[in-house]
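Encoded as structure tokens, the structure appears first; notes follow it.
The values are calculated or read from the model by the stated rules, or taken from the named source; none is laboratory data. In this text the structure is predicted, and so the values were computed from the model without any measurement. With ideal geometry, Cβ positions are generated from the backbone for all residues, glycine too; neighbour counts draw on all protein chains shown. Ligands, DNA and RNA are excluded from the accessible area calculation, which covers all protein heavy atoms including side chains. Shrake-Rupley method; radii C 1.70, N 1.55, O 1.52, S 1.80 Å.
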Amino acid sequence: MSKAPETDPAQDSPDVRPPKRRAVGVPAVVNSLRVVGTQAGVKRGLPLLRDVNQTGGFDCPGCAWPEPGHRHPAEFCENGAKAVAEEGTRRRVDPAFFAEHPIADLADKSGYWLGQQGRLTEPVHLPEGATHYRAITWDDAYELIASELAALDHPDQAAFYTSGRTSNEAAFLYQLFARKLGTNNLPDCSNMCHESSGAALAETIGIGKGSVTLDDLHQADLIIVAGQNPGTNHPRMLTALEQAKRAGARIATVNPLPETGMRRFKNPQTARGLAGRGTELTDLFLQIKVGGDLALFSVLNRMLLRASATDPAAIDRDFIADYTNGFDAFAAHHGIDDPDGDAAALAEAVERTGLAADEIERLLAMVLEADRIVVCWAMGLTQHRHAVPTIREVVAFLLLRGNIGRPGAGVCPVRGHSNVQGDRTMGIWERMPDRFLDALGTEFDFAPPRDHGLDTVGTIRAMRDGRVRVFFAMGGNFVAATPDTAATEAAMRGCRLTVHVSTKLNRSHVVTGARALILPALGRTDVDAPGGREQFVTVEDSMGIVHSSRGSVPALSPEMRSEVAIVAGLARAVLGPGDPVPWEEFAGEYDLVRDRIERVVPGFADYNARARVPGGFALPHAPRDAREFPTATGKANFTVNPVTSPEAGPGRLLLQTLRSHDQFNTTIYGLDDRYRGIHDGRRVVLVNPEDAAELGLVDGAYCDLVSEWADGDRRAPHFRIVHYPTARGCAAAYFPETNVLVPLDSVAETSNTPTSKSIVVRFEADSGGPAKT
Ligand SMILES: Nc1nc2c(c(=O)[nH]1)N[C@H]1C(S)=C(S)[C@@H](COP(=O)(O)OP(=O)(O)OC[C@H]3O[C@@H](n4cnc5c(=O)[nH]c(N)nc54)[C@H](O)[C@@H]3O)O[C@H]1N2
Ligand SMILES: Nc1nc2c(c(=O)[nH]1)N[C@H]1C(S)=C(S)[C@@H](COP(=O)(O)OP(=O)(O)OC[C@H]3O[C@@H](n4cnc5c(=O)[nH]c(N)nc54)[C@H](O)[C@@H]3O)O[C@H]1N2
Ligand SMILES: [Mo]
């Protein structure tokens, strides 16, 4: 069991009030200004708030939601302000800090405490057997990494992780460096996030990205938001939903929790929003059981097919004939000619979703009335064992009525990290296709490795088994974000060397290999001017728009380097003076990197010019732009997905692990989850009062959560029970605290994503605060 809890049990005494009925409004604005003021002060805070998400400013380091063409002077949200404040802080973690705090002490601190200490300002090194990190020069740090890499039997004994904030330019150089070294071991946060979306979309429509723009959302007749909590995680999406509603759209929300953001939205950018009652967003709320979405979309598809027997307009036969493949098998699977099976199919769906039959029928009626449909989703769909079939079935649902590749319709997987999609476009993937590797090899005159590399779960297993000896992270917080905390921490400790390029202190810096390095990086908000020449970077949002980002505030220390410069320096030290790639030139002038990207990655023609156009440019997307589907069959593919859903068994609940309103993944901003009414604590488990009554779980009492897996039980101690209106049979608790419960081997089929949204748990007597164990 992990000794250090992510939050301090001493501080963690949750106070529970009723959930909020409205999202955003005045409290969000007040909260935004307060956090920025406290962390960054007025002098740094004002430029930060002025420039976030503005043309010529920097891209918010929070989520990947796109910016509208016409920008409001305050184009950010409460949680964007927290992300900006967290990064723009004046507080610093320097070598004096490390001299004061032995690593053993830091390993006992909560993740919240670590993050609050400030920005990392200088490179530090933890020598083998040492008790403290100490200062090291950049050159010595690079040499140390070079010597550990040189000592490996094969480059595949190293892994190069990426979190999703890294810019296009840095990501492109980083993957080039790893591949020149000789490995495709490029695990990333996407492996834990939208990998299931990428896998399902690539197979069915030929490209692993969403097919809609903001305009499409504004023009839709029906928007289904499934498995997503935009009020907290993509607050600016509420503005788009509000605009769609005003234009006549209806919204169906599919979620085990009645999330406040999807109920009533008070837009802080308008007077009406601030003063009035706000806009009712959701027309139909389907409170689905965790993991029930495949059953829901499956029965919906069956009903559409059956309806088409009497009403030919129920499905778009012309689209199906012209653009799709596999329809007959799909229709047969769903019993298009089998009226006798209708009742049984509906009964099965009711059982697996926990919804009433008439709720499903109401959704069907809304679908039949809608000419243009968009489905949005996030982690509620992607982090299940059957996530890939679920998303394939969502695509089939859209294909049935021709809802891909025309205005107001399409797939909208809403991405997480601000540049996670761009990192993939740049080649951060352990399985990049040959056409990318061919182009990369031609451009830089080398032979990239072809064997697939390790993803996140694969990397943990390889570290555990001694097959990976050097772990390098470009951002992120690997040990806290990944599943099975105890197993992952042991794996990390087994490495020869662990290196983190980071902005803020986190748990992964204190659970280390034999030796460790922390390399301080500039973030989005920092001015980046190598050799006195200011540079900008580019990022890609959730809708495939590439645009520039330029920092606003001076870096806290001259020792902080851009990620581009860090990769370039490292590559030179590791690959040697004879390596022909002009790493030094790249580090001084990012236009030169973009010139190379343009020649390797399709869609980036005239990159440097178009990156300078306000608002940036859209990458091509064949299904969206031309109804062309670059799949194996050359058409959009219907797939057959047998219905399944997770089952907890008697005395157990299905636990989903999710985000509070006061966190960005493993970065904890504070201990409140305002909309859900949870204050001053995070170790809470939300259970339906009827389930609680059956299981003897008293509101306000404490319990241990125990997950069950073939290799044994895992325990997360000391959670306050909160009676909460979640779907029956389900429970919810925050990550990263609950990652101890997610078994490493519990992963999604095909995408290998940890099943963070469906963990079978039982409840046991409280064994006390985790710090005491
Ligand atoms: N402020 C803030 N913004 C963020 C982040 C953050 O931590 N903080 N993280 C960023 C990242 S990396 C990501 S990936 C996104 C994540 O954005 P979300 O996916 O919205 O994040 P989660 O908190 O994991 O919420 C999952 C939602 O799915 C629901 N859900 C859970 N299981 C199921 C299910 O089986 N079916 C259905 N239909 N719903 C289900 C939950 O109740 C919850 O509403 O947000 C990004 N933006
Ligand atoms: N149980 C459970 N686990 C989950 C999830 C879940 O829903 N449930 N969600 C998963 C998802 S969707 C994701 S995306 C992953 C996230 O996994 P990660 O991306 O690995 O985690 P983060 O918490 O986003 O990383 C935060 C750290 O990144 C560093 N950082 C921030 N900005 C920068 C920067 O600009 N440059 C550099 N170099 N470093 C920076 C800081 O040091 C900070 O401490 O977690 C996954 N884990
Ligand atoms: Mo994510």
With the condition kept exactly as written, say whether any residue in the range 172-184 is within 16 Å of ligand 3 (Cβ to nearest atom) and open to solvent by 10 Å² or more (accessible area, probe 1.4 Å).
no
Residues of the range 198-216 being within 22 Å of I251 (Cα to Cα) and either more than 16 Å from ligand 1 (Cβ to nearest atom) or not assigned by TED's automatic domain parsing to the domain that holds I373 (or both), in sequence order, are S211, V212, T213, L214, D215, D216
With criteria (1) touching a residue at least 60 places away in the same chain (Cβ under 8 Å); (2) among the small types (G, A, S); (3) open to solvent by 40 Å² or more (accessible area, probe 1.4 Å), A83 comes up short on (3)
Selection from the range 709-729 of residues that are hydrophobic (A, V, I, L, M, F, W, C), open to solvent by less than 20 Å² (accessible area, probe 1.4 Å) and either more than 15 Å from G681 (Cα to Cα) or assigned to a loop (DSSP other than H, G, I, E, B) (or both):
A716, A727
Count - residues of the range 599-654 that are crowded, with 18+ Cβ neighbours inside 10 Å, of a type outside the set (D, E, K, R) and part of a helix (DSSP H, G or I):
4
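Only one residue in D338, D293 is among the acidic types (D, E) and in contact with a helix residue (DSSP H, G or I) (Cβ under 6 Å, 6 or more places away or on another chain). Which one?
Answer to the check: D293.
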Sole exception among (1) away from ligand 3 (no atom under 16 Å from the Cβ); (2) in contact with a helix residue (DSSP H, G or I) (Cβ under 9 Å, 6 or more places away or on another chain); (3) within 19 Å of T382 (Cβ to Cβ) for R431, by number
(2)
Given (1) touching a strand residue (DSSP E or B) at 6+ places or on another chain (Cβ under 7 Å); (2) at pLDDT 95 or above; (3) farther than 22 Å from L399 by Cα, number of the condition A343 does not satisfy
(1)
Filter the range 86-128 for residues that are touching a residue at least 60 places away in the same chain (Cβ under 8 Å), open to solvent by 30 Å² or more (accessible area, probe 1.4 Å) and not hydroxyl-bearing (S, T, Y) and give the result.
R90, R92, D94, D108, K109, W113, Q117, E122, E128
Subset of the range 741-761 (residues that are in a loop (DSSP other than H, G, I, E, B), among the β-branched types (V, I, T) and open to solvent by 20 Å² or more (accessible area, probe 1.4 Å))
T750
Conditions (1) open to solvent by 10 Å² or more (accessible area, probe 1.4 Å); (2) over 23 Å from the mean Cα position of the chain (by Cα); (3) of a type in the set (V, I, T): number failed by V537
(2)
Scanning for something more than 16 Å from ligand 3 (Cβ to nearest atom), under 17 Å from V761 (Cβ atoms) and either outside any loop (DSSP other than H, G, I, E, B) or touching a residue at least 40 places away in the same chain (Cβ under 8 Å) (or both), does the range 655-667 turn up at least one residue?
yes
On the given criteria, is D451 away from ligand 2 (no atom under 16 Å from the Cβ), in contact (Cβ under 8 Å) with a residue 60 or more places away in the chain and at positive phi?
no
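Please tell me if A349 is of a type in the set (A, V, I, L, M), open to solvent by less than 60 Å² (accessible area, probe 1.4 Å) and closer than 23 Å to F638 by Cβ.
Yes, satisfied.
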Tell me, which residue of the range 214-255 that is open to solvent by 40 Å² or more (accessible area, probe 1.4 Å) and closer than 18 Å to N403 by Cβ is nearest to ligand 3 (Cβ to nearest atom)?
D215
Answer yes if at least one residue in the range 591-598 is at pLDDT 95 or above and open to solvent by 70 Å² or more (accessible area, probe 1.4 Å), and no otherwise.
no
Can E764 be described as open to solvent by 40 Å² or more (accessible area, probe 1.4 Å) and more than 14 Å from L653 (Cα to Cα)?
no
Checking the conditions here, which among V593, V546, V539 is farther than 22 Å from C60 by Cα, in contact (Cβ under 8 Å) with a residue 12 or more places away in the chain and outside any loop (DSSP other than H, G, I, E, B)?
V593
Leading residue by the ranking (farthest from W429 (Cα to Cα)) among those in the range 465-488 that are within 16 Å of ligand 3 (Cβ to nearest atom) and not in a loop (DSSP other than H, G, I, E, B)
A480
Apart from one, (1) part of a helix (DSSP H, G or I); (2) within 26 Å of V374 (Cα to Cα); (3) not basic (K, R) all hold for A565; the odd one out is (2)
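List the helices (runs of 4 or more DSSP H) inside the range 331-408, counting only whole elements, that have at least 2 residues being out of contact with any Gly (no Cβ under 6 Å at 6 or more places or on another chain) and within 16 Å of ligand 3 (Cβ to nearest atom).
Here the list reads 379-382, 387-400.
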Residue set D699, D691, D672, D680; condition surrounded by fewer than 22 Cβ atoms within 10 Å (Cβ to Cβ), free of Cβ contacts under 8 Å to residues at least 24 places away in the same chain and either within 16 Å of ligand 2 (Cβ to nearest atom) or not basic (K, R) (or both); output residue D672
I need the full set of residues from the range 360-394 which are closer than 18 Å to A313 by Cα, within 16 Å of ligand 1 (Cβ to nearest atom) and open to solvent by 10 Å² or more (accessible area, probe 1.4 Å), in order please.
none
Give the residues of the range 141-180 that are of a type outside the set (D, E, K, R), away from ligand 1 (no atom under 16 Å from the Cβ) and not in a helix (DSSP H, G or I), sorted by residue number.
A151, L152, H154, A158, A159, F160, S167
